[in-house]
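Asker: Sending over a structure as structure tokens; questions will come in a sec.
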Amino acid sequence: MKIAVLPGDGIGPEIIHEAIKVLSALGESFEMEIAQVGGAGYAAHGHPLPEGTLKLAKEADAVLFGAVGDYQYDKLERALRPEQAILGLRKELGLFANLRPAILYPELAGASTLKPEVVSGLDILIIRELTGDIYFGKPRGVRECPDGPFAGQREGFDTMRYAEGEIRRIAHVAFQAARKRDRRVTSVDKANVLETFQFWRDIVTEVHREYADVELEHMYVDNAAMQLVRAPKKFDVIVTGNMFGDILSDAAAMLTGSIGMLPSASLDANSKGLYEPSHGSAPDIAGKGVANPLATILSAAMMLRFSFGRMDAADRIENAVKRVLAQGLRTPDIHEPGTTRVGTKEMGDAVVAALA
Ligand code: NAD
């Protein structure tokens, strides 16, 4: 079980440190190798995804990723910015399916900004297509506007596109995941306005014919955003494109109390995966020892489950997290009156202790 560990920037190294502690405490024989990525990669090797880091990620059985990004790199040309590292890894490793479970632990019902009755018992899975859509479509850029009332001025443009095969494979992932859950899939699109997403809807409907035991509904993304905060428990599995999934999954994060609680897995066709918290590098709290490491620790649990088939070890970590929350320990992002405020390291220590 060879793991490429890429801490990255901001709070990345702090939260990864806690996840490594938890993995090490399992008493399994993992081979872990650490490499620089993002701003740290640029500072050390002149590129956010240095060759050596990419090679390590390709050779490893799984990648455990912290977060990338820092304000000091915001003025670099786009290709050298830290965020290009995660886009590059997704593309190079063929990680097309991003799984983000949004589960509300009962102890955190009060930490969500939504009323407890709206979110308590929440257990939904957002599946976001990760290597296509407007984020990768070409052509893109800034050019002279060729027509319309602003002809002659500069305009920015991107290209939204999805190939049939890209839609088919993510639809299969969603229907298969639903079979292990409540057998309901909501496909989110904007078929009323965008050609790309009418095509998406048609292909998802076609793939659904192979899954008669799973219920499929289609929903426009604007309505989905509303339903996610109105009645989130209505959903079981949500499948959607890259951009809509990016936005909806952050909204779903708040249902669970904090983005610091939300793990994710990005998988290729053979379940090789990159595992990372859903949040970014949080430069505003980096180095302060207050970041919530649980999303990263839960991402490590997803790695054990999806890439290594070690359900037992994954369950041990997830149960340890539940125990720590039941003990009342909270990092500042999920702290409420009556609970005990702890820092990043104390939270990691508590999960390690709870493993036993
Ligand atoms: P962010 O997720 O880093 O932070 C948003 C807010 O959530 C901040 O207030 C932050 O303090 C808080 N937060 C995030 N993670 C937390 C945690 N574990 N514990 C407690 N609080 C937490 O998003 P942002 O501020 O929009 O972006 C910051 C940087 O991260 C940018 O450079 C951005 O490009 C990058 N980013 C990277 C990734 C990635 O590495 N996959 C994803 C998103 C954003």
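Bear in mind that the values in this text are calculations on the coordinates, not laboratory data. Not measured: the values here are computed from a predicted model. We place every Cβ from the backbone using ideal geometry, glycine too, and count neighbours over all the protein chains shown.
Asker: How big is D for the chain, in µm² s⁻¹ as a whole number, if Stokes-Einstein is applied with the Kirkwood radius of its Cα pairs at 20 °C and 1.002 mPa s?
Answerer: Working: Rh = 21.0 Å.
In µm²/s, the coefficient rounds to 102.
Asker: Could I ask something else about it? Taking only Cα atoms and a 10 Å spring cutoff, compute GNM fluctuations for the chain and point out the largest among A300, A212, A60.
Answerer: With Cα springs under 10 Å in the chain, the top fluctuation among A300, A212, A60 is at A212.
Asker: While we're looking at this one, here's another question. How would the range 97-262 be classified by its alpha-carbon gyration tensor: rounded, prolate or oblate, with rounded meaning a/c under 1.5 and the a/b versus b/c comparison settling the rest? Walk me through the intermediate numbers first.
Answerer: On the way: a/c = 2.44, a/b = 1.46, b/c = 1.67.
Note, shape of the range 97-262 comes out oblate.
Asker: Only four residue types carry charge here, +1 at the Cβ of Lys and Arg and -1 at the Cβ of Asp and Glu. Report the dipole size of the chain about the Cα centre in Debye, rounded to the nearest 20.
Answerer: Working: 40 positive and 48 negative charges, 69 e Å.
Value, rounded to 20: 340 debye.
Asker: Please list, ordered by chain and number, the residues whose modelled amide H lies under 5 Å from the amide H of D236; skip anything fewer than 5 residues away on the same chain.
Answerer: Excluding prolines and chain starts, which carry no amide H, the hits are T186.
Asker: Another one. Please list 335-347, 120-132, 78-90 highest first by mean number of surrounding beta-carbon atoms within 10 Å per residue.
Answerer: Numbers: 335-347: 15.8, 120-132: 21.6, 78-90: 19.4.
Highest-to-lowest ranking by the protection proxy: 120-132, 78-90, 335-347.
Asker: Over what distance in Å are the Cα centres of the range 161-206 and the range 72-86 separated?
Answerer: Centre-to-centre distance over Cα atoms comes out at 31 Å.
Asker: Ok, one more. So what's the gap between the Cα centers of the range 218-241 and the range 265-285, to the nearest angstrom?
Answerer: The range 218-241 and the range 265-285 have Cα centres separated by 22 Å.
Asker: List the residues whose amide H sits under 5 Å from the amide H of M32, counting only those 5 or more places along or on another chain, with H placed 1.01 Å from N in the peptide plane.
Answerer: Close amide H contacts, sequence-distant or interchain: I3.
Asker: Could you run the Karplus curve 6.51 cos²θ - 1.76 cosθ + 1.60 with θ = phi - 60° over the range 117-134 and give me ³J(HN,Hα) per residue in whole Hz, x for Gly and Pro?
Answerer: 5, 6, 10, 5, x, 4, 8, 10, 10, 9, 10, 10, 5, 10, 10, x, 6, 5
Asker: For a quick check: with amide H placed at 1.01 Å from N, whose amide H comes under 5 Å from A102's, ignoring anything fewer than 5 positions away on the same chain?
Answerer: I124, L125, I126
Asker: Over the chain, with a Gaussian network built from C-alpha contacts below 10 Å, which listed residue (E144, E117, E18) shows the highest mean-square fluctuation?
Answerer: E144
Asker: Of Q72, Q176, Q198, which is the most mobile in a GNM of the chain whose springs link Cα atoms less than 10 angstrom apart?
Answerer: Between Q72, Q176, Q198, it is Q72 that shows the largest mean-square fluctuation.
Asker: Take every DSSP beta bridge whose two residues both sit in the chain, then give the antiparallel share in percent to the nearest 5. Provide the component values of the computation, followed by the final result.
Answerer: Details: 19 of 47 bridges.
About 40 percent, rounded to the nearest 5.
Asker: In whole Hz, what ³J(HN,Hα) sequence does the range 142-148 give by Karplus (6.51, -1.76, 1.60; θ = phi - 60°), x for Gly and Pro?
Answerer: Calculated HN-Hα couplings, in order: 10, 8, 7, 5, x, 8, x Hz.
Asker: Under the Karplus relation 6.51 cos²θ - 1.76 cosθ + 1.60, θ = phi - 60°, what is the ordered set of whole-Hz ³J(HN,Hα) values for the range 329-335, x standing for Gly and Pro?
Answerer: 7, 9, 6, x, 5, 10, 6
Asker: What does the charge dipole of the range 269-322 about its Cα centre add up to, to the nearest 20 debye, if the Cβ of each Lys and Arg holds +1 and the Cβ of each Asp and Glu holds -1? Show your work: numbers first, answer last.
Answerer: Numbers: 6 positive and 5 negative charges, 21 e Å.
For the range 269-322, the charge dipole is close to 100 debye.
Asker: Something else now. Lys and Arg at +1, Asp and Glu at -1: add these up for the other residues within a Cβ distance under 10 Å of M1 and post the number.
Answerer: On the way: positive: K2, R310; negative: E28, E31, D61.
Residues near M1 contribute -1 overall.
Asker: Nearest 20 debye, what's the magnitude of the dipole of the range 97-262 about its Cα centre given +1 on Lys and Arg Cβ and -1 on Asp and Glu Cβ? Spell out each step's value before the answer.
Answerer: Numbers: 21 positive and 24 negative charges, 59 e Å.
Its charge dipole is roughly 280 debye.
Asker: Per residue of the chain, what 222 nm ellipticity follows from adding -39500 (n - 2.57) for every DSSP H run with n ≥ 4, rounded to the nearest 500? Display every interim value, and only then the final one.
Answerer: Numbers: 12 runs with 138 residues, N = 356.
When only DSSP H runs of four or more count, the value is -12000 deg cm²/dmol.
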